[in-house]
Amino acid sequence: MNKKRIIFLTGPTAVGKSEAAVVLARRINAEIISCDSMQIYRGMDIITSKPSKPLMRKIRHHLIDVIRPSREYDVSRYRKEAVKKIKAIIKKGKTPLFAGGTGLYISVLIDGIFREKTQDKQARKKLCAQALLRGSGYLHNRLKKIDPDAAAKIHPNDARRIIRALEVFQTTGIPISCLQRQRRGLGAEFEIKAFCLGLPRGRLYGKIEERVDEMFSRGLVAEVRRLLKKRLSKTAACAIGIRELKGYFDGLYDLEEAKRLVKRNTRRYAKRQLSWFRRDKRLKWITVADKEKPAAIAAKIWKKLY
């Protein structure tokens, strides 16, 4: 009962996290820490849908605009910097409020991160080749023999997670389920409250289309053209809009097709986000009504907090 509280507000892209987070932060005396893997890059404002300057002036935001797009940034660095921000915010007598839709960042904060070196590109490459040749079911059967606990939690068709579990075992000699139990996350030290905003899929897709149209009207094309004149890191180059507009710049299709591709790929990204969030049973879902104001959304969260 004496633990300090940390709050997470997540959800798929375009659901309205940024605005609701600011209202909630003002109500509970919080500062916001971004939990978005793309908003850490400077100069990628429109393409990553960063909170507006007026919005960020209302509440202090952290881990936005921290590095150049040419630099790589990974989850371990994010976790280290986020933990520093948590301690600084609590020292001020305020509450850390994480807002963003990068599920992996949320996971490494709440659950912790592996201390051992668990990545081996060559091993992963061979496992991927085996999955293509013999199917994910074959790899899942291998996983059953070395780590039945992990195999029981991973669907036989989920090749990505199966490969990851096998890679960890081959790299460390320790089953991934054992390493996961050894991780120490924020839950050991803080009281965690995590909320996920949800919309009916049709309405969410409509909001995505509206957002993309707005991004183009605000100057997305010029922003991406400027970004492509520089060397982008592998992570920054994955931002939705980079590849799609490059095809337009290269004359492969017209601007309307580029816009259609941005909308389609953003919808697909939102679908992947929702799949990730649904697997996390710790998230309390907040249903957003049609045209519901940020203040009303924040009020729903506040009621679940107190």
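The values are calculated or read from the model by the stated rules, or taken from the named source; none is laboratory data. Remember, predicted model here, so these are calculated numbers, not experimental data. Here the Cβ is made from the backbone with ideal geometry for all residues, glycine too, and neighbour counts use every protein chain on show.
In a residue-by-residue description of the stretch 198-214, the property of being in contact with a Phe, Trp or Tyr (Cβ under 8 Å, 6 or more places away or on another chain) and either outside any helix (DSSP H, G or I) or farther than 24 Å from Cys35 by Cα (or both) applies to at least one position. Kindly list the number of the only condition in (1) assigned to a loop (DSSP other than H, G, I, E, B); (2) touching a Ser or Thr at 6+ places or on another chain (Cβ under 9 Å) that fails for Gly43. Of everything listed in (1) assigned to a loop (DSSP other than H, G, I, E, B); (2) touching a Ser or Thr at 6+ places or on another chain (Cβ under 9 Å), Gly43 misses just condition (2).
May I ask you to verify whether Ala21 is surrounded by 19 or more Cβ atoms within 10 Å (Cβ to Cβ) and not in a loop (DSSP other than H, G, I, E, B)? Spelling it out, Ala21 is indeed surrounded by 19 or more Cβ atoms within 10 Å (Cβ to Cβ) and not in a loop (DSSP other than H, G, I, E, B).
Restricting the first member to the stretch 29-46 and to residues that are outside the structural domain of Lys94 (by TED's automatic domain parsing), and the second to residues that are of a type in the set (S, T, N, Q), no beta-carbon pair is closer than 8 Å while six or more apart or on different chains. Residue under question is Asn141, and the condition is that it be modelled with pLDDT of 90 or more and not β-branched (Val, Ile, Thr); does it hold? Yes; evaluated as a whole, the condition is true for this residue.
Just so you know, in the stretch 24-35 the residues that are touching a strand residue (DSSP E or B) at 6+ places or on another chain (Cβ under 8 Å) and outside any strand (DSSP E or B) include one that is surrounded by the fewest Cβ atoms within 10 Å (Cβ to Cβ), and it is Asn29.
Taken over the stretch 36-89, the criterion of being loosely packed, with under 15 Cβ neighbours inside 10 Å, farther than 12 Å from Tyr105 by Cα and among the hydroxyl-bearing types (Ser, Thr, Tyr) is satisfied by Ser52, Ser70. Within the stretch 62-77, no residue that is free of Cβ contacts under 8 Å to residues at least 24 places away in the same chain and more than 28 Å from Val22 (Cβ to Cβ) sits with its Cβ atom under 6 Å from a residue that is surrounded by 14 or more Cβ atoms within 10 Å (Cβ to Cβ) and among the aromatic types (Phe, Trp, Tyr) at 6+ positions apart or across chains.
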